[in-house]
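The structure appears right after this line, and notes come after that.
The values are calculated or read from the model by the stated rules, or taken from the named source; none is laboratory data. Being a predicted model, the structure only gives us computed values, none of them experimental. A quick note on method: Cβ atoms are made from the backbone with ideal geometry, for glycine too, and the neighbour counts reach across all protein chains shown.
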Amino acid sequence: MKQQVSLDETIRGSNRTETRTEGSGTAMLARYEQRKQARLFMQKRRKKYYRLIWRIALAVMAVWGIGGLILKGYGALKNTAEREVAIMRLEQALKDEDIADLKKYIRIPDESLSVNETTLQPLFAYLKDHPNAYEKLEKDFEKQQKMKHVYIKGLTSKPPIFTIKVYGDRYVFEPTLYFFNIRLNEPDDKIIINGKEVKGKPTKDPLVKKVGPYLPGTYTITSVKKDGEKREKQTKKVALFGGSRVHE
């Protein structure tokens, strides 16, 4: 099932260009602090993993002493440890931008989209700009474990960033797929997303084109209107990392 997301603002007008500016000293200090917090968060995750391994070791020793009475508890601990290891490896692969490892852990049910360097670049860009995103991922995974169910279209307001699933004998992560409904000035205006021209699908509104699917990440959307020899552009930057399903 494809999941979609809704944009709070519409790409309108013909002379507006939004650009993102960064501050100097204050912004750099804030980014340094964010990255410091991200490193501390990764250290906490490793400590959590080592504690789980120690608990499993104790469980194994208890199995030898008590026998089958705690096998059920041992199995639960083993599953929890495997889940935590998978999460830790996913986060490390994202941090290292390891495409080969991410292909092992990220599974996309939509055959029109694959895991590769091009499709992952927007996600890498978002994570670089938002080091605290790893903490957001962790909270998202914890919420899934506590709720014992995942996003249900029409009932759950916000889909997870990645859905944890068991595929075969291992844990995999299915990303939420996002779509854009882009409002144009003219039906034949060009649409450019992250520097690449795309062809949108028609909707009921002739001025609105639907494009996607896309993985979580940061996207720059530009519509180009041709007026004789003059070309007018409108640009908007959008961050997709949890939240609503359709962006307009």
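Quick notes on this one:
- Meets criteria (part of a strand (DSSP E or B) and at pLDDT below 90) for Lys143: no
- Qualifying position, being modelled with pLDDT of 80 or more, assigned to a helix (DSSP H, G or I), of a type in the set (Val, Ile, Thr) and farther than 18 Å from Pro216 by Cβ, among Val63, Val85: Val85
- Residue pairs meeting the criteria (Cβ under 6 Å; at least 6 apart or on separate chains; first in contact (Cβ under 8 Å) with a residue 12 or more places away in the chain, in the range 170-181; second of a type in the set (Phe, Trp, Tyr) and part of a strand (DSSP E or B)): Phe173/Phe162; Pro175/Phe162; Tyr178/Tyr214
- So Ile192, is it within 16 Å of Lys236 (Cα to Cα), without any contact (Cβ under 8 Å) to a residue 60 or more places away in the chain and among the β-branched types (Val, Ile, Thr): yes
- Pairs where the first residue, in the range 93-115, is part of a loop (DSSP other than H, G, I, E, B) and the second is surrounded by fewer than 14 Cβ atoms within 10 Å (Cβ to Cβ) and among the acidic types (Asp, Glu), C-beta under 9 Å, 6+ apart: Glu97/Glu117
- Extreme residue, nearest to the chain's Cα centre (by Cα), among residues of the range 231-248 that are in a strand (DSSP E or B) and at pLDDT below 65: Arg245
- Of the residues making up the range 121-148, those that are in contact with a strand residue (DSSP E or B) (Cβ under 8 Å, 6 or more places away or on another chain) and over 20 Å from Lys158 (Cβ atoms) number 4.
- Residues satisfying the criterion are present in the range 164-179 (criterion: surrounded by 17 or more Cβ atoms within 10 Å (Cβ to Cβ) and touching a His at 6+ places or on another chain (Cβ under 8 Å)).
- Among residues of the range 200-220, those that are out of contact with any strand residue (DSSP E or B) (no Cβ under 6 Å at 6 or more places or on another chain) and free of Cβ contacts under 8 Å to residues at least 12 places away in the same chain, counted: 2
- Tally of residues being surrounded by fewer than 20 Cβ atoms within 10 Å (Cβ to Cβ), closer than 22 Å to Val85 by Cα and without any contact (Cβ under 8 Å) to a residue 60 or more places away in the chain across the range 116-144: 4
- Unmet criterion (only one of (1) touching a strand residue (DSSP E or B) at 6+ places or on another chain (Cβ under 7 Å); (2) not hydrophobic (A, V, I, L, M, F, W, C); (3) not in a strand (DSSP E or B)) for Ser223: (3)
- Selection status of Thr203, at pLDDT 90 or above and either over 18 Å from the mean Cα position of the chain (by Cα) or of a type in the set (D, E, K, R) (or both): yes
- Flag if Phe180 is in contact with a Gly (Cβ under 7 Å, 6 or more places away or on another chain) and either in a strand (DSSP E or B) or at pLDDT 90 or above (or both): yes
- Residue check for Gly195: at pLDDT below 85, out of contact with any Gly (no Cβ under 6 Å at 6 or more places or on another chain) and not hydroxyl-bearing (Ser, Thr, Tyr): no
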